[in-house]
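Working notes, structure below.
The values are calculated or read from the model by the stated rules, or taken from the named source; none is laboratory data. No experiment lies behind these values; they were computed from the predicted model shown. Neighbour counts run over all protein chains shown; Cβ positions are idealised from the backbone, glycine included. Each accessible area value is taken on the protein alone, full model and side chains, heavy atoms only, with ligands, DNA and RNA left out. Shrake-Rupley method; radii C 1.70, N 1.55, O 1.52, S 1.80 Å.
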Amino acid sequence: MKYQITYQAAIVIASQVESIFNEHLRLAKDRGEIDLAPLPEAGIVQMIIDAAFWASLRKEEGHSPKISLAFVAPAQAGNPLVFKQPLALTSSALAKIAPGVERAGIHLGVWHEDGEVYIWGTTTSIPNFCFVVDVSEPSLLVIKHRRFSGFGKFTNVAVLKGEQIKIVDSDSATMPDTPQLVLSLLDLTAPSYWNDAVNVMIQLAVSMRAHQRGGTLLVVSSKNNNWLHSIIKPFQYGVQPAFSGLSKLLNQDRKEASQIFWQTALRREVEHMAGLTAVDGATIVNENYDLLAFGAKIGRAKGKETVDDIILIEPVFGGGAVVMPAAKIGGTRHLSAAQFVNDQHDALAMVASQDGHYTMFSWSASRDMVQAHRIDTLLL
């Protein structure tokens, strides 16, 4: 079947995507990994991205499609739902079926045979490093694969927004003082668990972006109360005693954490905490995820200097590390978060913007200044 590619970004990125997945699969084989996905060749990548992009611009009964396409054969898809008659991989076919497959965790299976690429059915199970294209909103596509450990959020490879292309740069993790959250999102840490603290932070970040109201989350040390010097009193919404709904779940046995009821409880607690970040002011937790306060106002600690320049890092090719005035990175939330970390070096600050940007502030000891990682590309 001749398939004419009309979305130019698909043509531009296809060979690089094939190369990235080829390297992932090569390294996985060297580690002795099994249940590995097939390599998505450039021509297949072009077709899937092109069809997904044009489908994203269509509407069915007033709704834009939200779908996930996985390049996998039915035999590797666990317990697949297989259509009696395969569907042609076209934007119209994707838009028509989208209402039935838009829930999280459901993928439309795409495969090729005798030169034809087609949609064979649906699955909730895909192999390691499976090429996946998510349609998040009109003209916004995310290329990703399942995390090496199989837990938590998928690992993003690239984000396409219209003609804009952002390819994730794993080498950005080699910069000094890179936070564990960023390393985990880049899939550069050891296999994690659902109750791994960093994995939970990722889930909180995704949930904070999802409510689209903007918000700030501060993570402070449980070993001291120095962070109180950077909060304006009185607290409007202090929590006494600290609420430990999420921390208690994290302390449960990891075998128990694999059970579906535990995962459901975790999602509920994550949504609860992330929801509080929508309240004006900052939500404050310690590193154990005990909730200390929400709606708190950040102020400069007595005797501390006003934050001046910071380092802005985006983990994509061309992102680099740029020193810039703190006031230029964003609005009031960003500036107050930068000031908080400037005062409290052992703290982290996460800011979700209403426009979808997500920034993580931490202290770089090697550079003696605040660093801001713009990681929304990794969270989509």
Given the options Y237, Y289, Y358, state which has the largest fluctuation in a GNM of the chain using a 10 Å cut-off (strictly under) for Cα springs.
Y237
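Here are some pairs, K166/K328; K96/K166; K144/K328; K233/K304; K248/K297; which of them have Cα atoms lying more than 19 Å apart in this structure? Write out the running numbers ahead of the final one.
On the way: K166/K328 22 Å; K96/K166 29 Å; K144/K328 31 Å; K233/K304 17 Å; K248/K297 27 Å.
Pairs exceeding 19 Å: K166/K328; K96/K166; K144/K328; K248/K297.
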Mean accessible area per residue over the chain (1.4 angstrom probe, all protein chains present, square angstrom) is 46
Between helix 197-210 and the chain: long-axis angle, C-alpha atoms, 0 to 90°, nearest 10:
80
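For region 265-358, give the magnitude of the charge dipole about the Cα centre (Cβ charges: +1 Lys/Arg, -1 Asp/Glu; no others), in debye to the nearest 20.
Working: 8 positive and 12 negative charges, 44 e Å.
I would put it at about 220 debye.
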The simple spin-label model distance between L27 and V322, using points 7 Å out along Cα→Cβ, in nm, is 2.7
Stretch gain in nm, segment S170-D280, where the contour uses 0.36 nm per residue and the Cα spacing is subtracted:
36.2 nm
Tell me the angle of helix 42-56 to the major Cα principal axis of the chain, expressed in degrees between 0 and 90 and rounded to the nearest ten.
70
At a 10 angstrom cut-off on C-beta neighbours, averaged per residue, how do the peptides 111-121, 128-138 rank from highest to lowest?
128-138, 111-121
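Would you mind classifying region 261-303 by shape? Square roots of the alpha carbon gyration tensor eigenvalues, ordered a ≥ b ≥ c; an a/c under 1.5 is rounded, otherwise it is prolate if a/b is larger than b/c and oblate if not. Don't skip to the answer; put the middle values down first.
Numbers: a/c = 5.22, a/b = 2.16, b/c = 2.41.
The shape class here is oblate.
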What does the helix-only formula give at 222 nm for the chain: each DSSP H stretch with n ≥ 4 adding -39500 (n - 2.57), the total divided by the residues, and the result rounded to the nearest 500 deg cm²/dmol?
-8500 deg cm²/dmol
FRET efficiency, 1/(1 + (r/R0)^6) with R0 35 Å, evaluated for D177 and Q8 via beta carbons:
0.40
Over what distance in Å are the Cα centres of region 93-133 and region 238-310 separated?
36
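Checking the a/c ratio against 1.5 first, then a/b against b/c, what shape does the Cα gyration tensor give for region 229-342?
It is oblate, given that a/c is not under 1.5 and a/b is not larger than b/c.
Among the GluC sites (Glu not before Pro) in region 1-61, which ones are in a DSSP loop with at most 10 other Cβ atoms within 10 Å of the Cβ? Mind listing them?
Working: sites: E18, E23, E33, E41, E60, E61; in loops: E33, E41, E61.
Those that pass, being in a loop and sparsely packed, are E61.
Roughly how many percent of the accessible protein surface of the chain is carbon and sulfur, given a 1.4 Å probe and a whole-percent answer? It would help to have the intermediate numbers written out before the result.
On the way: 8960 of 17600 Å².
So the carbon and sulfur contribution to the accessible surface is 51 percent.
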